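What follows is a set of notes on a single structure, which appears directly below.
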Amino acid sequence: MDRKSNPKLSDGTLLSDLINLETREVKMRALSDPELFELEMERIFAKTWVFLGHETEIPNKGDFVVRDMGSDSVLMARGADGEVYVSLNVCPHRGMKISTHDVGNTMTHVCIYHGWAFKPNGDFIGAPVEKECMHGKMMTKQELGLKKARVAIYGGLVFATWNVEGPSFEDFLGDAKWYFDTLWCRTDKGMEVLGPPQRFTIRANWKTACEQSASDGFHVLTLHRWLSEVGPYRKPGSEGGGGDLTPEMYGTEVYTAHAHTMRCIELDRKIRRLTGKDPSELSIKEKLEALPPPGITPEMLPEVLRRFSDDQLRVMAWRPPQVGNFFPNGLFEFVYIPSPDGVIGVMALHAYVPKGPDKLEFVNWILAEKDTPPELKAKMLRLGVQLLGTSGMVEQDDSDTWPHQTLAAKGAVSKHITMKYQSMYENNRLEGWPGPGDVGDGFTKDDTQWRWWEYWYELMTAEN
Ligand code: FES
Ligand SMILES: [Fe+2]
């Protein structure tokens, strides 16, 4: 494969032949090609910031989990100094996988092949038969450590990149930070995971899940139609359960330079139903009391009010970001679920980890604020797993489409079909919308997903 900025696949197809920036189309072939996959691992996952998990998964010194950054296994561990480190899970001696466990605690990671040992921060400790200097004298001990990634912790979320001299994490987040702060940085103590993540493997290309996670709104109306017919959004007594999810499709969609996107869904109808009052007559505080962010109790609300600007609070009480992505492969979901105990907010995070051109691992975490009372955490966990977990109905819907798309991407004829992203916002920014980024207002459109593909293309054709 030619690796110039417009890579050529071995059959002569240029990367630019797969995407039409004018008509907003992408050839299906992009969802299955093994050469493209290899290039994505190098040009996207080995270059950009990748979401790996939450620091509360490894609370104690020596705790570690093994994760993937694209096609590379990494060790995400808490060092003796209490910091989180991400190192390549490959022994620098002869390339054995250092940790063959998924999770554990140790201050010394010993390679099972020849016994070289490393600290949780990746530093080389030593090799057996020290007096014979098994590791040789050609390199210093500093040079024999595991390869270390650059780490950023944001609201407890752990991100890492191999591009140690590259753009900062703040730069990567860009305009999304203003919104994401309202999701991940709501309280002084922060959030925690409610148990280890669920995982399952899907026979689909990672991009099928990830381009959907870049705020595809339309599929909710059809693929998740059961939500309003028999599910939690059913209107008791109504014919067919109500069956209309279109009101949920209105709001504001935000898309940023680095393809983080979000759907900020209107809460007015829910607040009117809960309070019996016109939301325009309620203060921000009253609205947040009526429909608090997930895991926030009335006692915790003053803390939330203190932490944000008036503009951020206005968005939180009016059109909070409720579903969206971290480019390249993370998704967040924050949903209000009607339950017999009232409306309960639930927070979930997914990573869609590439495992090959037609395989991905779906990883799901449910989170709550550390200060959320235990009974509420238990409800959030149960509802989150039921709806958004690996056995959850919503994710079963979604993950049924991805393998079909991946298979279609291999058909001799169907691989030439294009995916279309031609539903566009016409009058963009809602007057008075206080947040940054590119903003579309009204019914959901394709602009967020198209931004995802534009940025994918930008990275795939970058010079170095
Ligand atoms: S490969 Fe790890 S010690 Fe030899
Ligand atoms: Fe979905």
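The values are calculated or read from the model by the stated rules, or taken from the named source; none is laboratory data. Only a predicted model underlies this, so the values are computations on that prediction, with no experimental measurement involved. Backbone-built Cβ (ideal geometry, glycine too); neighbour counts: all protein chains shown. Protein only, heavy atoms only, side chains kept; ligands, DNA and RNA dropped before computing areas. Shrake-Rupley method; radii C 1.70, N 1.55, O 1.52, S 1.80 Å.
In region 237-359, what percent of the accessible surface is made up of carbon and sulfur (1.4 Å probe, ligands and nucleic acids excluded)? Intermediate values should be presented prior to the final figure.
On the way: 2280 of 4570 Å².
So the carbon and sulfur contribution to the accessible surface is 50 percent.
Taking 0.36 nm per residue of separation and subtracting the Cα-Cα distance, full extension of the segment from Arg203 to Glu42 would add 55.8 nm. Overall form of region 102-260: prolate. Here a/c, set by the Cα gyration tensor axes a ≥ b ≥ c, is 1.5 or more, and a/b is the larger of a/b and b/c.
Summing charges over neighbours of Cys91, with a neighbour being any other residue whose Cβ is under 13 Å away from its Cβ, gives +3 when K and R count +1 and D and E count -1. Phi-derived couplings, Karplus 6.51 cos²θ - 1.76 cosθ + 1.60 at θ = phi - 60°, listed residue by residue for region 133-140: 6, 4, 7, x, 10, 6, 10, 6 Hz, with x used for Gly and Pro.
For Asn20 and Met107 in one chain, what is 0.36 nm times their gap in residues minus the Cα-Cα distance, to one decimal in nm?
On the way: separation 87, 0.36 × 87 = 31.32 nm, distance 5.10 nm.
So the extension gain works out to 26.2 nm.
Kindly report the accessible area of the chain per residue (heavy atoms of protein chains, probe 1.4 Å, no ligands, DNA or RNA), in Å². Result: 42 Å² per residue. Ligands, DNA and RNA left out, the accessible area of region 74-125 computed with a 1.4 Å probe is 52% carbon and sulfur.
Summing charges over neighbours of Ser414, with a neighbour being any other residue whose Cβ is under 11 Å away from its Cβ, gives +4 when K and R count +1 and D and E count -1. Quick one: check the C-alpha center-to-center distance for region 245-321 versus region 83-144, whole angstrom. One Cα centre to the other: 48 Å. Sorting Leu376, Leu31 on solvent-accessible area from highest to lowest, probe radius 1.4 Å, gives Leu376, Leu31.
Accessible area per residue (1.4 Å probe, heavy atoms of protein chains only) ranks Glu35, Glu83 as Glu83, Glu35, with the largest value leading.
Rounded to the nearest 500, the 222 nm mean residue ellipticity of the chain from helices alone is -7000 deg cm²/dmol, with -39,500 (n - 2.57) taken per DSSP H run of at least 4 residues. Counted by Cβ distance under 15 Å from Gln198, the other residues give a net charge of -3, where Lys and Arg count +1 and Asp and Glu count -1. Largest first and in whole Å, the equivalent-ellipsoid semi-axes of the chain read 38, 29, 20, each the square root of five times a Cα gyration tensor eigenvalue.
Can you tell me how region 250-365 classifies by the Cα gyration tensor, rounded, prolate or oblate, using a/c under 1.5 as the rounded cut? Note, shape of region 250-365 comes out prolate.
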